[in-house]
Each structure stands twice: as structure tokens, then as C-alpha cells.
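Colleague: Got a structure for you, written out below as C-alpha cells; questions coming shortly.
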Number of protein chains: 2
Amino acid sequence: MAVNLDNFDRKLLAEVQRDAQVPQNELGARVHLSTAAVNRRLRRLAEEGVIDRYCAVLAPEKVDYPLTIVTTVEVESEQIDLIDAMKRTFAQCPQIQQCYYVAGEWDFVLILTARNMEQYNELTRELFFSNNNVKRFKTLVSMSRVKAGMSVPVDLSDE
Amino acid sequence: MAVNLDNFDRKLLAEVQRDAQVPQNELGARVHLSTAAVNRRLRRLAEEGVIDRYCAVLAPEKVDYPLTIVTTVEVESEQIDLIDAMKRTFAQCPQIQQCYYVAGEWDFVLILTARNMEQYNELTRELFFSNNNVKRFKTLVSMSRVKAGMSVPVDLSDE
DNA sequence: TCTGAAAATGGACCTTT
DNA sequence: AAAGGTCCATTTTCAGA
């Protein structure tokens, strides 16, 4: 599952997670590698799927999506096809940024973004109230996005 | 707070959220704009802060961080400096990808990533058990990352 | 690691609204 | 003025020696 990475790879991954616009010659200077070596490594990391994709991260409030809401959902039945159907519904909804199928007190945790409470209300109607397999759900409204991102730690080893 | 955007901007934002590696001439072809116009718009969007940053998204399991865990935390006191201290602690922790300070049954929601349960256990010790202001916390272990990302919907208007 | 070709970015300048 | 288009210089990427 995991891929063999040396410390050059790890440093590069740390850099491009933070900022993917740094040119390869600058990356090379930072990690002490030639531009060409950086180029080859980044390509390899992308081919191996270590780097899943490159994307732009928007400031939600600037595109008028100021609300972030965490919703926990408990289902009626864990029957596999019912769960799969819910996963598909949640995955398709553009306002749902993240959906985790979890073990514990709840079955799903959703991270949602919304223009306002009315839109969230509307979403709860579509996603939860009109779904017979939703037993109950709980809403936690974010007052502050203390930290937001998808960064994974890359621990340097002392190989 | 929100910025004025026309449908060209919105289409570009949708594209670069999905894939920031598409060259500007290709983006131009997709949205019917010249390369130079795309270039100008993307720069402007970045300057205005609509585009916060560009970054690489890693596959957590490939860098040996296969676990995603959602943790909800209730605090003892909501005294402002105690809360601020916790926010700083959470923001600094590399395994914490996201931290929301929320209203509702809990005070914080954390999205964490970990190499294994032992590491998570260790983290709970550092973050929660050794913090006097943590009243209780609950752990939800993700069995499936149904959807993960930071994408914000960009609704086209019919201006 | 170096060199050079190809591609992509980004500025200059002109035109339209 | 504000924004689009074309053209050209510069920068960056990326393959071959």
C-alpha cells in the first residue's frame, strides 16, 4: 500500500503540499537537488499516485460560502446497498466537501459548506428528512475554521 | 467579504479546483477565452484572495497515514484565552488536518490522520488527557473516506 | 548533471465597448 | 476605464546525451 520514499521525496512532498507553485529549480535549491532530479521525482510521485492531484484552494467566504457545518448522521439500517446509496448521494452533493463513514456513536460524518442557514436547512430536507434510512442527525455549526486543509504529515527518517 | 465574480471567473474556479495543472490555453478553450485573458483572471483571483493557494493533495495511505479519525471535544471552560490556547495547539499539530470550533453539543471537531491506532492513542494523551481544559472527547474512526476535499461549489448565475 | 527544445506564463500593445 | 485579443519575451518543464 505505502510506497518507498526517501527524504528527498518527503521534503518535496512537504513543499508541494504547502505550495504547488514553487518552480522546480527553487524546490531543487531548497532540498539540494538539481532541477531535473526534482522534475523526475515529482513525475514519479504523481505516477505512483503518492501525489493524487494538484488543485486550487478557494477562500470560501470570497465565493459567498461563509458557513462550514459538521453534521453527524445515524442510519436506520446498515444494509450494504442502503449504505452504498447514501454514500453516493453524499458524494454527489456539491455542498458536501467531505464524507466519512465511521465507526462509533454515529455512522456518517459530513463536512458541509453553505451560503447561509436557509440553504443548510434546505439541504437537511433533501439529504436527511426525505431519506428513510436516516434515523437522526446532529448539526454542529463552525464558528471558526481554526485549521482547514488536507495536508498529511511527512515524517523525515534518519535512514 | 465576497468578491464580484462573473461566469468566466466561476468556470475557471471550478476548473482549477478540480485540476490546477490544466494549462491556461486549454482553460481558455474550455471557457471560451484567450490564454492571456485566462492568465489575467487567474492572477487577479489569486491577488484578491479568492484563490487562497495551489497545493498538491497526497494519497494518505501511500505515505503510510491510512487512518482518518474524527474527534469531537468538549471543553471545561470557554474562557477566551483557554480556547485560544487550545486552538493554537490544535493548529500546530501536524496530524490534525482540520479543526473547527463549533456551536452545538461539542466545542471542537477535529479531523485527524494517523499511522495506526497506537499513534492516535499517543495523540489523545498529548492533546486531551494532558489538557486540563478538556472535559471529554469522542472518537469516530473512519472506515471509508467516501469523499475528501476542500472544494467549494461555484454556482453559475444567469447574469 | 548539463544542454537545449518545447511548452507555458506573463507582459506590451492595440482594439472594442 | 475596463477587459479582450494578438504577439512576443521570459520562465519553466522535461527529455536526451
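Colleague: Just for the range B:15-25: of the residues that are in a helix (DSSP H, G or I) and within 13 Å of DNA strand D (Cβ to nearest atom), which one is surrounded by the fewest Cβ atoms within 10 Å (Cβ to Cβ)?
Modeller: This residue is B:25.
Colleague: Just wondering, is there one or more residues in the range B:82-100 that are within 17 Å of residue A:145 (Cα to Cα), open to solvent by 50 Å² or more (accessible area, probe 1.4 Å) and of a type in the set (D, E, K, R)?
Modeller: Yes, the range B:82-100 has at least one match.
Colleague: Out of all the residues in the range A:132-145, which are more than 11 Å from every other protein chain (Cβ to nearest Cβ) and open to solvent by less than 40 Å² (accessible area, probe 1.4 Å)?
Modeller: Hits for the range A:132-145 are A:133, A:134.
Colleague: Any residue at all in the range B:59-72 that's more than 7 Å from every other protein chain (Cβ to nearest Cβ), of a type in the set (Asp, Glu) and under 25 Å from residue B:145 (Cβ atoms)?
Modeller: No, the conditions are met nowhere in the range B:59-72.
Colleague: Now for a separate question. Using the structure shown, decide if residue A:151 is surrounded by fewer than 18 Cβ atoms within 10 Å (Cβ to Cβ), at pLDDT 95 or above and within 7 Å of chain B (Cβ to nearest Cβ).
Modeller: no
Colleague: In the range B:26-42, which residue that is open to solvent by 60 Å² or more (accessible area, probe 1.4 Å) and within 11 Å of DNA strand D (Cβ to nearest atom) is nearest to the other protein chains (Cβ to nearest Cβ)?
Modeller: Filtering first and then ranking leaves B:40.
Colleague: Which of the following residues is out of contact with any strand residue (DSSP E or B) (no Cβ under 9 Å at 6 or more places or on another chain) and either surrounded by fewer than 22 Cβ atoms within 10 Å (Cβ to Cβ) or hydroxyl-bearing (Ser, Thr, Tyr) (or both): A:105, A:76, A:126?
Modeller: Answer to the check: A:126.
Colleague: Got a sec? Which of B:3, B:75 is facing chain A (nearest Cβ under 7 Å), over 22 Å from residue A:18 (Cβ atoms) and more than 16 Å from DNA strand C (Cβ to nearest atom)?
Modeller: B:3
Colleague: Out of the residues in the range B:12-25 that are more than 7 Å from every other protein chain (Cβ to nearest Cβ) and within 25 Å of the chain's Cα centre (by Cα), which is farthest from DNA strand C (Cβ to nearest atom)?
Modeller: If we take residues in the range B:12-25 being more than 7 Å from every other protein chain (Cβ to nearest Cβ) and within 25 Å of the chain's Cα centre (by Cα), then B:14 is farthest from DNA strand C (Cβ to nearest atom).
Colleague: Then there's this: I need the full set of residues from the range B:98-130 which are assigned to a strand (DSSP E or B), facing chain A (nearest Cβ under 10 Å) and touching a residue at least 24 places away in the same chain (Cβ under 8 Å), in order please.
Modeller: Those that are assigned to a strand (DSSP E or B), facing chain A (nearest Cβ under 10 Å) and touching a residue at least 24 places away in the same chain (Cβ under 8 Å): B:108, B:109, B:110, B:111, B:113, B:114.
The values are calculated or read from the model by the stated rules, or taken from the named source; none is laboratory data. In this text, all values refer to a predicted model and were calculated from it rather than measured experimentally. Neighbour counts run over all protein chains shown; Cβ positions are idealised from the backbone, glycine included. Just so you know, the surface numbers come from the protein's heavy atoms only, side chains and all, with ligands and any DNA or RNA stripped out. Shrake-Rupley method; radii C 1.70, N 1.55, O 1.52, S 1.80 Å.
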